[in-house]
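Shown next, in structure tokens, is the structure this report addresses.
Since every read-out is calculated from the coordinates, none of them should be taken as a lab result. Worth saying up front: this structure is predicted, and the values here are computed from it rather than measured. Using ideal geometry, Cβ is built from the backbone for each residue, glycine included, and neighbour counts are taken over all protein chains shown.
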Amino acid sequence: FGFVSQGVFHLLKIAYREEYADVGPGTVLLNLVIDEFSRSAVIKKINLVTKPAWSAPWQAGEESTKTIQLFNFTPGGIYLYCQTRLINFLRKARLNIASSEGQIS
């Protein structure tokens with residue numbers, strides 16, 4: 001399962017029956033996807049979004065991503081914005097406390 005955007009095929013999920021996992025169906029399916037798209041004039045890149053473990057031999061490189069969150073300027077949007085900021089603040093504070101206590105290296 002995937003989608004194409006601006007010449008990039010974003011591969012979200014390769015599905016197969018679990019009882020065949022030991023024979024590497026994900027690798028076979030990815031090989032078929034690469035083979036198919038290598039002949040495409042539209043697809044210039046394949047992005048393994050979820051980076052499954054079986055795809056390690058196919059990883060040519062990684063790109064960092066950014067997350068952008070937009071909130072409506074409504075009471076509900078403002079509430080969600082504040083909640084998100086508070087959660088992020090508490091996560092950072094917990095990490096800072098844990099690292100200062102030597103729990104996280």
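Only counting other Cβ atoms within 10 Å, I'd like 36, 101 sorted with the fewest neighbours first. Provide the component values of the computation, followed by the final result.
Working: 36 11, 101 8.
Starting with the residue having the fewest Cβ neighbours, the order is 101, 36.
Can you tell me the length gained on complete extension of the stretch residue 63 to residue 91, counting 0.36 nm per residue apart and subtracting the Cα distance?
Here the segment from residue 63 to residue 91 would lengthen by 7.6 nm.
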Within the range 1-52, DSSP-loop chymotrypsin sites (Phe, Trp or Tyr not before Pro) with at most 16 other C-beta atoms within 10 Å are 1, 16
For the chain, longest principal axis from Cα atoms; helix 75-100 axis from its Cα atoms; angle between them, nearest 10 degrees, is 90
Taking every DSSP bridge whose two residues both lie in the chain, the antiparallel percent to the nearest 5 is 50
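Given just the C-alpha atoms of the chain, how large is their convex hull per residue in cubic angstrom? Please list the in-between numbers first.
Numbers: hull volume 19.9 nm³, N = 105.
Cα-based convex hull of the chain, divided per residue, equals 190 Å³.
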Counting all Cα-Cα pairs in the range 66-105, those more than 12 Å apart amount in percent to 66
Per DSSP loop assignment and a cutoff of at most 12 other beta carbons within 10 Å, the chain keeps its longest run without exposed trypsin sites (Lys or Arg not before Pro) at 67-105
Nearest 10, in degrees from 0 to 90: the angle of helix 25-38 to the longest Cα principal axis of the chain is 80
